[in-house]
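What follows is a set of notes on a single structure, which appears directly below.
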Amino acid sequence: MAKEIVQNIKTPAYNLKQFIVIIFCCLILFLLPLPPGLSEEGRRTLVLVLLAIILWIKEILPPALTGLLLMISFPFFKVLSYEKAVEGLGSTSAWLLMGVFIISAAMQESGLDKRIALHLLNLSKGNSKTNLLMIILTTTLFLFLIPTGSGRVAIMLPICLGMLNAMQIEKGSNIGKAMLLGISYASLIGSIGLMTSAISTVYAIGIFESMLGYSWSYIKWFIVMFPGVLIIDLLIWVIFLKIFPPEIDMVPGGLIYIRNELTALGKISKQEKKIFLLMAIMITLWIFGDYINISVSQSCLLIALATMLPGIEIISWKKGIQSVNWSVILLLGSSLALVEALTETQAINWLTENIFSILKGFSPSLIGIIITLMIVIIRFGFPSLLSMTATTLPLIFTLAFSFDINPVWLGLVGINASVLGIFLPTQALTLMTSYSAGFYTIKDMCRAGFFTALAAIIVFTLMANFYWPLLGIKP
């Protein structure tokens, strides 16, 4: 059902006239006087980056095609060599993405994802309030298993719709609003909880290493970021019960549906046991990888290959390789090229000094709050969390250097703020997928988004100023 909903979402028509006008306007910028302090190479970089951002926001071209256009343009305009422009496609982050796509497909092929979700939902015992909590926590559990927000919603959506149908809950009900917004928000905000829970997070990890030389281990990222995600999940539950109070306390129809679905699944299959064991091995390798000298990317790819080996073969090679979203990998490569160009031409330094000069003299905590609010506003124009991260994270790092703030600390602040695109369906495919089911309106979403974002900003600010310093990440 979720697949059908995604397929029914209208994609924007690509407008040749708009494309030509935008290209022409950007080319005019080459004719303007060179701004003081900016090199010619820096101007070329900024014009090309501006072009890419406009194309990403307007979706005049497919995002991956825009990324390829950017990579090819850098050598043409003598910003980067061709080798440097495309080297991001061979990064460890790209291989990590390939691994998580294959593992995700193998899990869905085995049916273990649905079994886990149904068992956890069964724990609610038919209580509507507890049921909402279990739905949110189940979505959070899938952070460990599914690498994309839209993928997690695609798994949870048919289960939620089936429960609503069994309960005879009509569209517009508070129960339906809370359930579908709950899985969307938990999935999207949870994208920062683990190194592997979102493509944008994988990308951000690469930028920390390439720009700062700072390497994250799986367990360290988990300790720093996951507690905040879990707290916000619990707050989402409380907030939604207040703004969307359930019409009924007990939902026996929902409980019957869950148990019927569990009965239909039967006993756990050999394929489910295999993928469960492989996932356990992979998570163990992620946790202890630093001690045995195996990276997150290497262990993930190892397990992905294991799912297709003879004797295991949870998924065939054909299905596994077809599950890889090559467009996303191309977009990742172009984003890394974007960062390389901004850094090498020092355009990022010039841009940061001019944009954020008003923040000079403020305390790190106040700068963190202002940046958070600015990113939440800017996020309205970005339908992709990845492109948002690619655009703002290098700026934040350079700003931190300029103001003598720990760039790791300020970078984490920016990453936290970037997931708060929770006001409009157009801000993420995760949101568009659940919105298309028709159980809530944009007005409902804005209302829920306001209170959730407010709670999240408070949690993020407290974590940044009191919890992270205890872990050695100080402003």
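Straight Cα distances below 19 angstrom link Lys267 to the lysines Lys114, with same-chain residues fewer than 8 positions distant left out.
Per the Debye formula on identical point scatterers at the alpha carbon atoms of the range 202-350, with no solvent, log10 I(q)/I(0) at q = 0.14, 0.18 Å⁻¹ is -1.09, -1.21. Within the straight-line cut-off of under 18 Å between alpha carbons, the lysines reachable from Lys58 are Lys10, Lys17, sequence neighbours fewer than 8 places apart in one chain being disregarded. Modelled label positions at Phe380 and Tyr291, each set 7 Å beyond Cα in the direction of Cβ, lie 5.0 nm from each other. Calculate, for Leu366 and Leu305, the FRET efficiency according to 1/(1 + (r/R0)^6) with r their C-beta to C-beta distance and R0 51 Å; round to the nearest 0.05. Efficiency computed from Cβ-Cβ geometry: 0.55. Placing unit charges on each Cβ (+1 for Lys and Arg, -1 for Asp and Glu) gives the chain a dipole about its Cα centre, and among Gly213, Ser81, Leu96 the Cα reaching farthest toward its positive end belongs to Leu96.
Which entries in the list Lys273/Lys318; Lys360/Lys474; Lys84/Lys360; Lys171/Lys270; Lys125/Lys220; Lys274/Lys318 go over 28 Å, if you measure between the two C-alpha atoms of each? Each step should come with its number before you reach the end.
On the way: Lys273/Lys318 22 Å; Lys360/Lys474 19 Å; Lys84/Lys360 34 Å; Lys171/Lys270 39 Å; Lys125/Lys220 35 Å; Lys274/Lys318 19 Å.
Flagged as over cut-off: Lys84/Lys360; Lys171/Lys270; Lys125/Lys220.
Given 10 °C and 1.306 mPa s, compute D for the range 287-381 with the Stokes-Einstein relation, Rh being the Kirkwood radius over Cα pairs; round to the nearest whole µm²/s.
Numbers: Rh = 18.1 Å.
Diffusion coefficient, whole number: 88 µm²/s.
May I ask for the Rg/Rh ratio of the chain, computed from Cα atoms with Rh as the Kirkwood radius, given to two decimals?
Working: Rg = 22.6 Å, Rh = 23.3 Å.
That ratio is 0.97, to two decimals.
Projecting label points 7 angstrom from Cα along Cα→Cβ for Asn127 and Phe451 puts them 2.0 nm apart. Pairing the Cα long axis of helix 16-28 with the longest principal axis of the chain, what angle in degrees results, from 0 to 90 and rounded to the nearest 10? Relative to the chain, helix 16-28 is tipped by roughly 40 degrees.
Trypsin sites (Lys or Arg not before Pro), restricted to the range 94-125: which are DSSP loop and have at most 14 other Cβ atoms within 10 Å? Here the trypsin sites (Lys or Arg not before Pro) that fit, given the DSSP loop and packing criteria, are Lys125. When peptides 273-283, 406-416, 151-161 are sorted by average Cβ neighbour count within 10 Å, with the highest value leading, the order is 151-161, 406-416, 273-283.
Helix 218-243 and the long axis of the chain differ in direction by around 60°, with both axes built from C-alpha atoms.
Extension gain for Lys270 to Ile248 (0.36 nm times residue separation, less C-alpha to C-alpha distance): 4.0 nm. Summing charges over neighbours of Glu340, with a neighbour being any other residue whose Cβ is under 10 Å away from its Cβ, gives -1 when K and R count +1 and D and E count -1.
The residues of the range 158-279 expose, per residue, 40 Å² of accessible area to a 1.4 Å probe. Sparsely packed loop sites in the range 162-222 (the trypsin sites (Lys or Arg not before Pro) outside DSSP H, G, I, E and B with at most 16 other Cβ atoms within 10 Å) comprise Lys171. Rounded to the nearest 10 degrees, the angle from helix 407-418 to the longest Cα principal axis of the chain is 60 degrees.
For Cα pairs less than 8 Å apart in space and 6+ apart in sequence, what is the mean separation divided by the residue count of the chain, i.e. the relative contact order in percent? Mind showing how you got there, number by number?
Values: 648 pairs, mean separation 112.3, N = 475.
Computed over the chain, the figure is 24 percent.
Of the peptides 181-189, 45-53, the ranking by mean beta-carbon count within 10 Å, highest at the top, reads 181-189, 45-53.
A crude spin-label estimate for the pair Thr263 and Glu170, with each label 7 Å from Cα along the Cβ direction, gives 3.0 nm.
The values are calculated or read from the model by the stated rules, or taken from the named source; none is laboratory data. Bear in mind the structure is a predicted one, so any value in this text is a computation, not a measurement. Heads up, the Cβs are rebuilt from the backbone with ideal geometry, glycines too, and the neighbour counts pull from every protein chain shown. Heads up: the accessible areas ignore ligands, DNA and RNA and are worked out on the full protein's heavy atoms, side chains in. Shrake-Rupley method; radii C 1.70, N 1.55, O 1.52, S 1.80 Å.
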